[in-house]
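This report concerns only the one structure given below.
The values are calculated or read from the model by the stated rules, or taken from the named source; none is laboratory data. In this text the structure is predicted, and so the values were computed from the model without any measurement. For neighbour counting, all protein chains shown are included, and Cβ atoms are generated from backbone atoms with ideal geometry for every residue, glycine included. Accessible surface areas use protein heavy atoms only, side chains included; no ligands, DNA or RNA. Shrake-Rupley method; radii C 1.70, N 1.55, O 1.52, S 1.80 Å.
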There are 2 protein chains.
Amino acid sequence: MHNERTYHMSLEDFRRHGHAVVDWIADYYARIESLPVLSRAKPGELRAALPPGPPPHGEPFEAMLADVDRLILPGITHWQSPNFFAFFPANASPPAILGELLSAGFGVQGMLWATSPACTELETHVLDWVAQMLDLPSAFRSASGLGGGVIQDSASGAALCAVVAARERVTGGAVNAKGANGKLVAYVSTQTHSSVEKAVKIAGIGKENLRLIDVDERFSMRPEALSDRINEDRKAGLVPFFVCATVGTTSSTAIDPVRAIGEICQKEKIWLHVDGAMAGTAALCPEFRSLHDGLELADSYAFNPHKWMFTNFDCDCFFVADKKALITALTILPEYLRNQATESGAVIDYRDWQVSLGRRFRSLKLWFVIRHYGIEGLQYHVRQHVALAQGFAGWVEADRRFELAVRPPLNLVCFRLRAGDEVNQKLLDDLNASGELYLTHTRLSGKLTLRLCVGQTTTERRHVEQAWARIREAADRLLAGRTTGSVGTDTPLP
Amino acid sequence: MHNERTYHMSLEDFRRHGHAVVDWIADYYARIESLPVLSRAKPGELRAALPPGPPPHGEPFEAMLADVDRLILPGITHWQSPNFFAFFPANASPPAILGELLSAGFGVQGMLWATSPACTELETHVLDWVAQMLDLPSAFRSASGLGGGVIQDSASGAALCAVVAARERVTGGAVNAKGANGKLVAYVSTQTHSSVEKAVKIAGIGKENLRLIDVDERFSMRPEALSDRINEDRKAGLVPFFVCATVGTTSSTAIDPVRAIGEICQKEKIWLHVDGAMAGTAALCPEFRSLHDGLELADSYAFNPHKWMFTNFDCDCFFVADKKALITALTILPEYLRNQATESGAVIDYRDWQVSLGRRFRSLKLWFVIRHYGIEGLQYHVRQHVALAQGFAGWVEADRRFELAVRPPLNLVCFRLRAGDEVNQKLLDDLNASGELYLTHTRLSGKLTLRLCVGQTTTERRHVEQAWARIREAADRLLAGRTTGSVGTDTPLP
């Protein structure tokens with residue numbers, strides 16, 4: 001209960017309720033496999049169960065926690081379940097959760113160095129660690145004196161900052177001053193994440209000035225198609241200013257050829273942003289680092305520890321090779337934010353590295369994760385996840401009723417029944433309705449394709465084996481009475 | 001320690017360490033008044049104390065928590081100290097911290113309704129509660145069927161969404177399609193927060209197309225100056241599309257006349273965004289609701305429970321009267337996000353209400369805060385903070401060496417010594433160096449002005465009294481040997 005005079009929760013009660021919430025989370029993880037992965041809630045169900053208006057008087061904390069069990073839990077799709085194979089993962093871990101808790105406890109704003117020096121310096125430092133761990137080009141490290149890293153809310157936020165920095169660099173600040181002019185052109189592949197299209201729209205560039213470059217049979221951007229299109233646009237009097245290459249696309253983890261694209265961008269003086277939102281994490285392991293080949297030609301790079309590195313959302317690591325370009329595009333300094341440290345030029349003020357002014361202490365959780373697992377612990381899990389996905393792909397290939405849509409480069413397997421979209425949709429719906437696993441889909445070469453991504457913190461071999469057993473059983477039921485293997489293509493895989 | 005096979009922290013260890021972090025936070029709050037409010041760290045100090053590279057092997061959690069004490073704490077500016085009077089508050093509270101913890105534990109993504117129905121529905125519902133609590137116009141409630149609320153990361157993010165929605169409404173989607181054209185014009189006052197200028201730049205409108213409208217003697221926007229400027233711009237062939245009125249400016253909590261501005265916007269068909277980032281919370285109390293007079297004429301409204309409503313950052317409540325205008329401007333639907341619930345049209349997918357795709361379960365903490373305090377508890381603190389600030393203003397007025405820069409409408413007092421900028425700067429620096437309180441400054445009517453904002457969760461009368469005692473003592477030392485009251489103006493207050 002609260003203090004009767006001030007309504008505050010006493011520190012004694014905070015300890016007690018805090019321990020209860022920690023225990024609630026531990027209990028949740030202990031039983032998470034018993035819960036249906038995809039929520040079975042119906043639209044409006046939760047709202048109908050909640051009081052229509054706010055409480056006039058305070059309520060005991062126990063009542064809230066009981067409502068979490070009774071009302072909230074049935075409406076949760078369990079992203080932290082080891083049987084969650086949908087989308088890309090958004091994995092968390094105990095040290096990350098405790099880092100987030102501590103950050104909430106401090107409750108500091110990191111907009112300026114002065115408003116909590118540790119918030120800024122730990123972030124800069126840990127992002128240098130990350131650059132070392134992934135063996136990123138030296139220009140992305142703060143030690144280079146030119147570039148450095150910052151935590152963004154998401155790869156979407158990073159993409160928007162990259163687009164705006166590129167826009168201002170190519171126009172010498174003219175768009176910030178006078179507005180956009182409809183002449184700037186950006187380039188992505190047909191497989192690039194929708195967040196770049198969104199960024200291009202928000203930044204006033206316009207979708208008609210976003211070119212979707214063709215991909216090869218592995219769904220990687222074709223550099224010669226990019227080059228051709230740039231030439232065409234230049235001839236039309238337009239100004240190419242931004243290319244996004246993706247290292248691990250959302251549909252199929254296709255890897256764009258960063259070096260070939262980077263060479264074009266260098267020659268053409270175009271900002272190259274590389275989006276490694278999920279797959280970038282693989283570069284923790286030397287044997288996967290070839291996916292970053294050519295990254296020294298990029299102006300900016302982003303990947304999300306909140307996807308595949310056990311750090312709960314939000315934690316996108318965004319690196320730039322030339323911080324001045326970013327800061328010049330985003331800086332604002334009203335009188336009420338002026339201070340001696342900023343004027344000295346000796347510190348970083350991260351408000352100038354992002355869209356928003358306010359920011360919380362997000363590096364704590366990343367610091368905790370890296371220190372808890374160590375490089376070897378993180379490498380262990382990346383290797384384990386990739387091996388599990390590759391094993392799953394082997395099982396798919398060995399079953400003639402199924403086909404791989406493309407050979408999986410890392411931890412995402414794209415596959416389908418050789419039986420047309422309708423049957424595959426039914427397969428997906430049946431599996432997700434079972435509650436025993438959760439998959440999502442995409443469309444590759446025009447065909448409905450199931451995606452199984454292995455990247456959850458606690459996913460082990462037994463979960464992937466169980467998923468495959470459920471998939472086969474569901475296929476058995478669906479194909480009963482049909483001649484198996486009679487429908488669909490049998491083309492060799494790229 | 002971690003599991004030797006998988007490197008994970010066991011659930012038993014998570015309980016143990018989790019309890020320790022909760023206790024650490026409770027202990028921190030218990031001793032927070034003994035710590036210097038403004039960090040005394042020097043640039044680079046923390047980084048020099050951290051290992052240059054990431055750890056190859058995992059470390060015990062106890063070592064991390066010890067480093068938080070040893071390395072992080074000296075670099076913290078204590079935003080949760082009751083002696084923090086700087087900027088605007090970013091107050092947190094035990095129930096909010098526990099809501100954030102639970103959100104991290106769930107680790108769900110709320111980008112789509114289907115990816116956790118409870119995450120979306122609780123947010124819609126609690127924002128309807130908030131609309132009731134502040135008595136916001138009915139169009140802003142989801143029950144209206146037209147509008148509704150969403151949690152944004154910050155008032156900056158909300159302003160950007162409002163600018164983009166306004167931009168697309170006035171051009172019928174043409175900027176999203178073809179890019180900006182340099183013809184659109186936005187209007188703010190000279191006192192509007194810098195985030196709107198930043199949004200206007202990011203959105204490709206250009207700073208030269210942002211009009212800074214003159215203010216009156218209370219620093220409120222002059223509606224007739226707005227009207228004149230709109231007419232002038234129309235005559236020049238430009239397209240006025242966006243006005244931001246502020247309810248409680250950052251410099252001085254000036255209240256723009258929303259009704260008069262709204263009537264102009266209605267007539268001119270211009271999007272009106274109202275920014276009540278801090279002061280909006282005051283509308284919890286009927287006696288302060290006049291600050292929202294005319295809000296039914298606004299298209300969008302934002303205020304931050306993470307400033308003055310005990311909910312840790314980030315939690316900006318953003319309301320729109322016509323959600324279609326917002327969604328149309330921001331929607332993206334790639335194949336991999338398609339799902340039955342979305343296609344049915346029966347649900348909200350909040351990814352279309354914000355810049356980023358990903359989003360965490362932020363309504364949990366707001367729900368906990370509202371339920372813990374109840375309406376009466378929140379009202380109690382707003383009234384208390386306003387009364388303390390008004391009391392402080394009275395003390396300032398009673399001391400002839402000081403002057404108020406403007407009569408404080410709510411909980412922010414802007415004041416100065418009648419002794420010129422240099423002495424006031426010295427006063428500010430001396431006070432902040434003492435570690436006993438933290439104030440920031442602004443510039444009003446060209447003069448350096450100290451700001452004292454009362455809004456911290458645990459600030460009581462004794463803290464404000466102590467602040468005033470310290471300020472007077474510092475003034476005594478600074479003015480020793482000078483004839484008090486001999487410098488500066490003595491003009492009557494507005």
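Values as computed for the structure displayed
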{"read-out": "Rounded to whole Hz, the Karplus (6.51, -1.76, 1.60) HN-Hα couplings of segment B:260-271, x for glycine and proline", "value": "5, 5, x, 5, 5, 5, 4, 5, 8, 6, 10, 5"}
{"read-out": "Counted charge near B:GLY294, where neighbours are those whose Cβ lies closer than 11 Å (Asp, Glu -1; Lys, Arg +1)", "value": "-3"}
{"read-out": "Pairwise label distance in nanometres, A:SER144 with A:ARG477, each label 7 Å out on the Cα-Cβ vector", "value": "5.4 nm"}
{"read-out": "FRET efficiency for A:GLU208 and B:SER445, using Cβ-Cβ distance with R0 set to 45 Å, rounded to 0.05", "value": "0.40"}
{"read-out": "Relative contact order (percent, whole number), chain B, Cα cutoff 8 Å, 6+ residue spacing", "value": "21 percent"}
{"read-out": "Nm distances between copies for B:LYS447, ranked from closest, using label points 7 Å along Cα→Cβ", "value": "7.8"}
{"read-out": "Between segment B:35-53 and segment B:328-398, the Cα center-to-center distance that results, in Å", "value": "33 Å"}
{"read-out": "Cβ-based net charge around A:LEU333, under 10 Å, with every Lys or Arg adding one and every Asp or Glu removing one", "value": "-2"}
{"read-out": "³J(HN,Hα), Karplus 6.51/-1.76/1.60, whole Hz, each residue of segment B:48-55, x for Gly, Pro", "value": "5, 8, 8, x, x, x, x, x"}
{"read-out": "222 nm mean residue ellipticity, helices alone, for the protein assembly as shown (DSSP H n ≥ 4; -39,500 (n - 2.57); rounded to 500)", "value": "-13000 deg cm²/dmol"}
{"read-out": "Size of the B/A contact, given as accessible area buried on both chains, probe 1.4 Å, in Å²", "value": "14100 Å²"}
{"read-out": "Inter-chain Cβ neighbour average for residues B:119-132, partner chain, 10 Å", "value": "4"}
{"read-out": "Label geometry 7 Å along the beta-carbon vector: A:GLN340 inter-copy distances in nm", "value": "6.5"}
{"read-out": "Relative contact order %, segment B:24-112, counting alpha carbon pairs below 8 Å whose residues are six or more apart", "value": "39 percent"}
{"read-out": "Accessible area (Å², 1.4 Å probe, nearest 10) - A:GLU232", "value": "110 Å²"}
{"read-out": "For segment B:215-371: rounded, prolate or oblate by the Cα gyration tensor [a/c cutoff 1.5]", "value": "oblate"}
{"read-out": "20 Å binning of all Cα-Cα separations within the protein assembly as shown, expressed as whole percents from 0 upward", "value": "14, 47, 33, 5, 0, 0"}
{"read-out": "Note, ³J(HN,Hα) from phi for segment B:91-104, Karplus 6.51, -1.76, 1.60, rounded to Hz, x at Gly and Pro", "value": "7, 10, 7, x, x, 5, 4, 6, x, 5, 4, 5, 4, 5"}
{"read-out": "Solvent-accessible ranking of B:SER445, A:SER251, largest area first, probe 1.4 Å", "value": "B:SER445, A:SER251"}
{"read-out": "7 Å along Cα→Cβ, label-point gaps from B:ARG289 to other copies, nm, shortest first", "value": "6.4"}
{"read-out": "Only Lys, Arg (+1) and Asp, Glu (-1) charged, at Cβ; segment B:226-303 dipole about Cα centre in debye", "value": "140 debye"}
{"read-out": "Accessible solvent surface per residue of segment B:105-198, calculated while the other protein chains remain in place, 1.4 angstrom probe, Å²", "value": "21 Å²"}
{"read-out": "Apportionment of accessible area to carbon and sulfur, segment B:431-477, percent (1.4 Å)", "value": "44 percent"}
{"read-out": "Dipole magnitude of the protein assembly as shown, debye to nearest 20 (Cβ charges: Lys/Arg +1, Asp/Glu -1, about Cα centre)", "value": "1440 debye"}
{"read-out": "Identity and axial distance of the chain B residue whose Cβ lies nearest the axis relating B to A, Å", "value": "B:GLY204, 1"}
{"read-out": "Of all accessible heavy-atom area on segment A:16-90, the percent that carbon and sulfur account for (1.4 Å)", "value": "61 percent"}
{"read-out": "Positive-pole candidate from B:GLY147, B:ASN176, B:GLY107, dipole of segment B:98-178, charges at beta carbon", "value": "B:ASN176"}
{"read-out": "DSSP loop trypsin sites (Lys or Arg not before Pro) with at most 11 other Cβ within 10 Å excluded, longest remaining stretch of chain A", "value": "A:6-268"}
{"read-out": "Chain B - charge dipole about Cα centre, Lys and Arg +1 at Cβ, Asp and Glu -1, debye rounded to 20", "value": "800 debye"}
{"read-out": "Prolate/oblate/rounded call for chain A, Cα gyration tensor, a/c under 1.5 rounded", "value": "oblate"}
{"read-out": "Computed over segment A:289-333: relative contact order in percent, which uses C-alpha pairs under 8 Å that are six or more apart", "value": "31 percent"}
{"read-out": "Neighbourhood net charge (10 Å Cβ-Cβ; Lys/Arg +1, Asp/Glu -1) for A:PHE88", "value": "+2"}
{"read-out": "Of all accessible heavy-atom area on segment A:136-218, the percent that carbon and sulfur account for (1.4 Å)", "value": "49 percent"}
{"read-out": "Area accessible to solvent at A:GLU12, 1.4 Å probe radius, in Å²", "value": "130 Å²"}
{"read-out": "Förster radius 35 Å - calculated FRET efficiency between A:ASP429 and B:ASP23 (Cβ-Cβ, nearest 0.05)", "value": "0.15"}
{"read-out": "Translational D in µm²/s for segment A:187-286 (Stokes-Einstein at 4 °C, 1.567 mPa s, Kirkwood Rh from C-alpha pairs)", "value": "94 µm²/s"}
{"read-out": "Interface residues in segment A:176-217 - accessible area drops by 30 Å² or more relative to the isolated chain, probe 1.4 Å", "value": "A:ASN176, A:ALA177, A:LYS178, A:ALA180, A:HIS193, A:SER194, A:LYS198, A:LYS201, A:ILE202, A:GLY204, A:GLU208"}
{"read-out": "Efficiency of FRET between B:LYS269 and A:GLU224 - r from beta-carbon atoms, R0 41 angstrom, step 0.05", "value": "0.25"}
{"read-out": "For segment B:56-119 versus segment A:127-161, the gap between their alpha-carbon centres in whole angstrom", "value": "22 Å"}
{"read-out": "Overall form of segment A:116-255 per C-alpha gyration tensor (a/c, 1.5; a/b vs b/c)", "value": "oblate"}
